[in-house]
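The values are calculated or read from the model by the stated rules, or taken from the named source; none is laboratory data. These numbers come from a predicted model, not from an experiment. Don't worry about glycine lacking a Cβ; one is built from the backbone with ideal geometry, like all the others, and counts go over all protein chains shown.
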Amino acid sequence: MTQQREPEAEQGPVNAPEFTGGEWLQGGPVPVRGSGKVVLVDFWDYTCVNCLRTLPYLTEWHRRYAEHGLVIVGVHTPEFSFARNPEHVKRAIAHLALDYPVVLDAEFAIWQAYANRYWPAKYFVDINGKIVARHYGEGGYAESERLIQMLLAQQPGFDAVLPEVMEPVRPEDSAGAVCYRVTPELYCGYSRGLIGNIGNVQVDQATEFTDPGKHLEGTLYLEGAWMLQRESASRPFGARGVSRMHLDFMAADVNLVMHPPLTGGPAQVRVLLDGAEPGELAGEDVRGGAVTVDVPRMYALVRSDEVERRSLTLETSSDGVSAFAFTFTSCVAPPPADSRGTP
């Protein structure tokens with residue numbers, strides 16, 4: 001995906017599927033066809049960093065245009081099994097202060113009806129219930145808002161004066177932002193993970209891992225006691241010593257989806273960047289060099305204004321804490337005008 005990709009127009013009229021097979025967690029049910037409304041369908045997951053980065057725009061579009069005939073529907077299709085739990089998603093909806101309708105698509109019924117393949121993905125539905133455009137990934141916010149305004153203006157008798165397109169929420173959303181090729185999303189479980197430890201790696205049972213010492217970028221190395229499961233790597237109950245994860249990466253920001261122990265209570269995970277506490281490069285969830293994992297969600301570990309190659313080590317003695325997937329951001333703010341040769 002490119003950071004400023006525009007919505008893709010449909011080649012011909014396509015009927016938008018109804019939201020059949022989902023569980024409405026907030027608002028709804030919402031009809032796609034027959035309401036005469038403009039509907040924006042947003043496929044998202046509350047553990048997905050790219051989804052989370054689009055939400056400020058969706059929230060503002062809802063505030064600006066709901067009274068003018070726009071209906072935003074968040075279709076929460078879970079990437080991980082724990083995100084099928086309605087209570088987890090409801091807590092995320094409240095934490096993120098989402099006001100528009102949200103439907104939980106736990107069995108991927110709506111996802112399949114739309115033949116969707118991405119998080120996030122937006123489908124723009126006109127007043128006749130036709131999908132007129134779609135957009136995958138981040139970016140293209142100004143173009144998307146202009147499309148919303150154009151679709152709203154197609155309502156019979158519409159004469160409202162709409163606002164100017166909103167300014168970028170983040171500097172890296174601005175025109176001229178630089179996006180680099182960075183370490184791809186890295187899963188921690190054996191079904192999709194890239195584990196670099198050599199030897200007879202056991203799955204679904206407590207195993208003592210040895211760090212080989214040499215690390216390839218974008219590969220996860222385990223040290224100490226871990227249980228490698230289909231979706232995650234977890235510290236086993238009753239483990240001795242410290243369990244560590246090692247990762248060399250190229251990115252600006254690093255995030256990790258984690259789940260606290262199922263027995264209850266939070267877990268503590270220490271964060272080391274290039275062998276030391278991250279300091280001013282600490283992500284917003286790092287306090288005193290460590291993360292408190294108290295609910296299943298994405299945790300921000302590293303926040304930088306530059307894309308660089310670094311080494312990350314996570315340490316924990318909290319039995320039962322689980323790591324699911326690392327995600328990385330690639331775009332940084334546009335360079336200063338004088339560095340681009342502009343007066």
Handout entry: Evaluation of Gly238 against (1) within 15 Å of Ser318 (Cβ to Cβ); (2) in contact (Cβ under 8 Å) with a residue 40 or more places away in the chain; (3) in contact with a strand residue (DSSP E or B) (Cβ under 6 Å, 6 or more places away or on another chain) (one fails), failing number
Key = (3)
Completion exercise
Scanning segment 109-127 residue by residue, those closer than 15 Å to Tyr46 by Cα and assigned to a loop (DSSP other than H, G, I, E, B) turn out to be Tyr118, Trp119, Pro120
Exercise for the section: Assess whether Asp248 counts as being among the acidic types (Asp, Glu) and either in contact with an Asp or Glu (Cβ under 7 Å, 6 or more places away or on another chain) or surrounded by 23 or more Cβ atoms within 10 Å (Cβ to Cβ) (or both). Expected result: yes
Problem - Residue selected from segment 257-286 under the condition among the aliphatic types (A, V, I, L, M) and outside any strand (DSSP E or B), by the criterion farthest from Glu185 (Cα to Cα) - result: Leu262
Handout entry: Filter result for the condition that a residue is more than 21 Å from the chain's Cα centre (by Cα) and either in the same structural domain as Leu247 (by TED's automatic domain parsing) or aliphatic (A, V, I, L, M) (or both), over Ser322, Ser317
Key = Ser317
Problem - Filter pass, Phe43 being surrounded by 21 or more Cβ atoms within 10 Å (Cβ to Cβ), of a type outside the set (A, V, I, L, M) and modelled with pLDDT of 95 or more - result: yes
Practice task
Starting from segment 106-126, keep only residues that are assigned by TED's automatic domain parsing to the domain that holds Ser144, then list their pairs with residues that are of a type in the set (Ser, Thr, Tyr) and part of a helix (DSSP H, G or I) whose Cβ atoms are within a distance under 6 Å, requiring at least 6 positions of separation or different chains.
Solution key: Pro120/Thr54
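Per-residue answers, yes or no, for (1) assigned to a strand (DSSP E or B); (2) buried (at least 22 other Cβ atoms within 10 Å of the Cβ); (3) touching a residue at least 60 places away in the same chain (Cβ under 8 Å):
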| residue | (1), (2), (3) |
| --- | --- |
| Pro13 | yes, no, yes |
| Trp24 | yes, no, yes |
| Pro56 | no, no, yes |
| Trp61 | no, no, yes |
| Ala66 | no, no, no |
| Val71 | yes, no, no |
| Phe82 | no, no, yes |
| Val103 | yes, yes, yes |
